[in-house]
Amino acid sequence: MSTVLSNFETWKKFLGDRVEAAKNMGISEEAIAKLAYEIGEFLESKVDPQNDEERVLKDLWEVGDESERKTIARLMVKLANRS
């Protein structure tokens, strides 16, 4: 996992591949967004940012309330879809 997190472009590609796989398995956009939120919660508490982009995301996550964090998670899914 640390190799994936060391480069933001690699992270987006990794996430995009996982989102695509989830869609192919019939998982709904809402379920994917919920999972992205849960992953964000895990990363925030357990993983140190490996680059500037991840530091910004962590800082935004820390200051956001639950609703804002859910928005960040949905936006990350959208960003991953483009990768």
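The lysines within cross-link reach of K78, meaning a Cα-to-Cα straight distance under 20 Å and a gap of 8 or more places when in the same chain, are K12, K13, K23, K34, K58, K70.
With a simple spin-label model that places each label point 7 Å from the Cα along the Cα-to-Cβ direction, the separation between E38 and V56 comes to 2.9 nm. Rounded to the nearest 20 debye, the dipole magnitude of the chain is 360 debye, with +1 charges on Lys and Arg beta carbons, -1 on Asp and Glu beta carbons, and the Cα centre as origin.
The radius of gyration of the Cα set in the chain, together with its Dmax, comes out at 12.1, 34 angstrom. Report note on the peptides 26-32, 16-22, 69-75: ranked by the mean count of other C-beta atoms within 10 Å, highest first, their order is 69-75, 16-22, 26-32. Within the shell defined by Cβ-Cβ distances under 13 Å, the residues around I27 carry a net charge of 0, with Lys and Arg each +1 and Asp and Glu each -1.
Taken together, the values in this text are just the output of simple stated rules run on the coordinates, not laboratory data. In this text, all values refer to a predicted model and were calculated from it rather than measured experimentally. For neighbour counting, all protein chains shown are included, and Cβ atoms are generated from backbone atoms with ideal geometry for every residue, glycine included.
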